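Read-outs throughout are calculated quantities, based only on the coordinates presented, and are distinct from any laboratory measurement. This is a predicted model, so every value here is computed, not measured. Neighbour counts run over all protein chains shown; Cβ positions are idealised from the backbone, glycine included.
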Amino acid sequence: MFDTLPEHESTPEAYIGGLEILSFENVCSSTGRSGLNQVSVSVREGEVIGLAGLDGSGQSVFLKIAGNLMEPESGTVVRFGHNLAGNKLQQNRKETVFLPADRLSEGLIPGLSIREHLLLASDSPFFIAPGTGRQQAKQAIAKFNILGRPETVADGLSGGNQQRLLLSLMKPGARLILMENPTRGLDVQSGVWTWQHLRNQLPDNGAIIFASPDLEEIMEHAGRVLVFFDGRIIFDKATRATDFNQVSRAITGHVEAIA
Amino acid sequence: MNSSRLSTLTTPLLQFFFIAALAFGAVSLLLIALGLSPMAIAESMSAGSISNWMRISHLLSIWTPLLLCASGLLFTFRAGLWNIGIEGQMVMGAIGATAVLRMLNGVAPPGLVIALAMAGGLLGGGMWGMFVGLLRNRGGVNEIFGGLGLNFVAQGIILWLIFGPWKRAGIASMSGTDLLARDLWLSTPPGWRVAPVALGLAAGAFLLTALLLANTRFGLQLKAVGKNQQAARLFGIQPNLVGLTAMMLGGGLAGLAGCLQVTAVYHRLIPSISSGYGYLGLLIVMLAGYRAAAVPFIALFFAALAAGSIQLPIVLQIDSSLSGVIQGACVLSALVVHGLHQQKRSR
């Protein structure tokens, strides 16, 4: 299936002209089914980018490297002007947020309550008096419409409420939001709410990059679509300059046939 | 009181009841099958551990290292680490303390030397714990195997010291090194078998451990790392660093226990200075369901079993290793009950 690699197709002039906040230069990784193969891309302020592709084509690896949760084997990744090479593998929560697809096994901590999650995500002091954060948790529960109490553990929440909890943990002002399948497993109402919240939360000088198997979600919410195929970006266009069929064909590796 | 809060209080109590019933039933059946009377054994063991103050204070002298080791293990278990190397950490703490005591004997005031020996014990055990953590972080060696390997190394070092550089004047002996100078012993009041300072240190260390685990950001980070390392990274936590800190703290407390065995119990370094208290600490924390609040009581129970079993061979002609059988039965019962509880929850 991945024997012959298609040519890259792009219309870079179509993008918003903000400052560059993330760049990949010839980034390679052998993690995952396809890894990443010589990926170069630039992300600018104000962009909402959808990553499309068959499962395991490199989208997840791309997001994890961008989030500094995985190290590439070669190439350069620059985020907010800083080369990520040599940085400790952890998230800089002030500027970048990564929301994983598997909320409970990758994003939340089973056994920890909503209050404890919020304490961990905030700049709480070293000593935490009993009951600290309860008020903050109540406010977050009300604001994010989470069906739970401050002491409800993450694994006791439904998928939609887990996603709401994840969103409540985002630092205000985070400029780069990286997401895997942001609305997977959510009911329609929760999905709409999630996108509304993300749009409201994102500052003007920020960007969202999300991977989704749902092409409709990408075409509806992204301003630019990148299609991954066998670890490479083979299609890079503004969503208004392309359509559902073109992207669908690109996902299966047929970009040379697109006029 | 709402139902969920009530269930968080009653569930551990119910579990404890089932564990006690299962362990008591299993051990009683075993004893009856061997033609022994469970009641006679229980009476003999309680008489041997709590019948007078001398025996109670002996029990407390066993409780002290058990509580210190179990406190250290609360850190590592919370971080999701199995610190099997605790025995070696206790041994290295004893060696570190003995080294300080030998070096500074007569050079500095005894009180200061003892305080520095405690620091030496903390350092010796903490460094041995750190090695396990580094082997895990840098070399990819699972902490169980790293710890087990370092236990053997620590045992080799203590034997080499006792039969080599630190051997008794004229002759090397399994009974250990020469006795420490009397003023380097932690003082024990007449009629007591436990040094109040040692007891206070163990109790203080436990309270500090419980406070750090329950009421600090570090405790929360340990919990996060222990339950989901991948997600912990998303919170800006470095799991390797947190795990290494837990290993150092756990090793440090075990090392302090080793130091107290030297300065308060044996007053010399002996080959079996750890007396298996590190391994018992593992069983105590498991039996406590990894909860700090239950640890002192279970440690006290284990200490009573160990103290009470000493007179079993004399009174009932039963080997004192029976206490180990009872301890093992308790832990196995706890594992069974916790396992069944987990299964029920996941359904």
Checklist entry - Can you sort A:CYS28, B:CYS330 by how many other beta carbons sit within 10 Å, fewest first? => result A:CYS28, B:CYS330
Next on the checklist: Taking 0.36 nm per residue of sequence separation and subtracting the Cα-Cα distance, how much length would be gained by fully extending the chain between B:ARG168 and B:VAL325, in nm to one decimal?
Outcome noted: 52.9 nm
Item to check | Average Cα contact separation per residue, chain B, under 8 Å, 6 or more apart, as relative contact order % | outcome: 33
Next on the checklist: I'd like to know how the range B:1-114 sits against the 2.2 N^0.38 Å rule of thumb: what's its Cα Rg over that expected value?
Outcome noted: 1.62
Checklist outcome for this item: Rounded to 0.05, the calculated FRET efficiency for the beta carbons of B:SER272 and A:PHE126 at R₀ = 41 Å is 0.55
Checklist outcome for this item: Listed by chain and number, the residues whose amide H is under 5 Å from that of A:PHE235, excluding neighbours fewer than 5 places away on the same chain and using placed H, are A:GLU9, A:VAL227
Next on the checklist: Just to be sure I understand the model, the point goes 7 Å from the Cα along the line to the Cβ. What's the resulting A:LEU147 to B:ALA42 distance in nm?
Outcome noted: 4.9
Item to check | Rounded to the nearest 20 debye, dipole of the protein assembly as shown from Cβ charges on Lys, Arg, Asp, Glu | outcome: 2060
Checklist entry - Mean projection of the alpha-carbon convex hull of the range B:171-233 over all orientations, in nm²? => result 8.7
Item to check | the range A:105-173: relative contact order in percent, alpha carbon pairs under 8 Å with at least 6 residues between | outcome: 43
Next on the checklist: Using a 10 angstrom Cβ neighbour count of at most 13 plus a DSSP loop assignment to flag exposed GluC sites (Glu not before Pro), which longest range of chain A is free of such sites?
Outcome noted: A:74-255
Item to check | Amide hydrogen neighbours beyond the local backbone of A:MET179, cut-off 5 Å, H modeled | outcome: A:LEU99, A:ILE209, A:PHE210, A:ALA211
Checklist outcome for this item: Between B:LEU241 and B:LEU14, the FRET efficiency computed from the C-beta separation at R0 = 41 Å comes out, to the nearest 0.05, as 0.60
Checklist entry - Could you give the dipole magnitude of the range A:176-224 about its Cα centre, charging the beta-carbon of Lys and Arg +1 and that of Asp and Glu -1, in debye to the nearest 20? => result 140
Next on the checklist: Using 0.36 nm times the number of residues separating B:ASP183 and B:PHE145, minus their current alpha carbon distance, what extension gain do you get?
Outcome noted: 9.7 nm
Item to check | Projected label distance in nm at B:MET54 and B:TRP82, using a 7 Å step from Cα toward the beta-carbon | outcome: 4.3
Item to check | Radius ratio Rg over Rh of chain A, counting only Cα atoms, Kirkwood formula for Rh | outcome: 0.98
Item to check | P(r), alpha carbons of the range B:124-222 - 5 Å bins starting at zero, rounded % | outcome: 2, 10, 10, 11, 15, 18, 15, 10, 6, 2, 0
Item to check | For the protein assembly as shown, convex hull of alpha carbons as volume per residue, Å³ | outcome: 199
Checklist entry - Measuring from label point to label point, each 7 Å out along Cα→Cβ, what is the A:ASP204 to B:ARG345 span in nm? => result 4.9
Next on the checklist: Pairs of alpha-carbon atoms within less than 8 angstrom and 6+ residues apart define the contacts here; what relative contact order does chain A have, in percent?
Outcome noted: 29
Checklist entry - When a footprinting reagent is the concern and you count Cβ atoms within 10 Å, what order do A:LYS143, A:LYS171 take, fewest first? => result A:LYS143, A:LYS171
Checklist entry - Rounded if a/c is under 1.5, else prolate if a/b beats b/c, else oblate: with a ≥ b ≥ c from the C-alpha gyration tensor eigenvalues square-rooted, which is chain B? => result oblate
Checklist entry - What is the diffusion coefficient of the range A:105-173 in µm²/s, taking the Kirkwood radius over Cα pairs and the Stokes-Einstein relation at 10 °C with a viscosity of 1.306 mPa s? => result 133
Next on the checklist: Roughly how far apart, in whole Å, are the Cα centres of the range B:205-258 and the range B:32-76?
Outcome noted: 29
Checklist entry - How much FRET efficiency would the formula 1/(1 + (r/R0)^6) give for A:LEU19 and A:LYS94, where r is the Cβ-Cβ distance and R0 is 30 Å, rounded to 0.05? => result 0.95
Item to check | Within the protein assembly as shown, helix-based [θ] at 222 nm, where runs of 4 or more DSSP H residues each add -39,500 (n - 2.57), nearest 500 | outcome: -17000 deg cm²/dmol
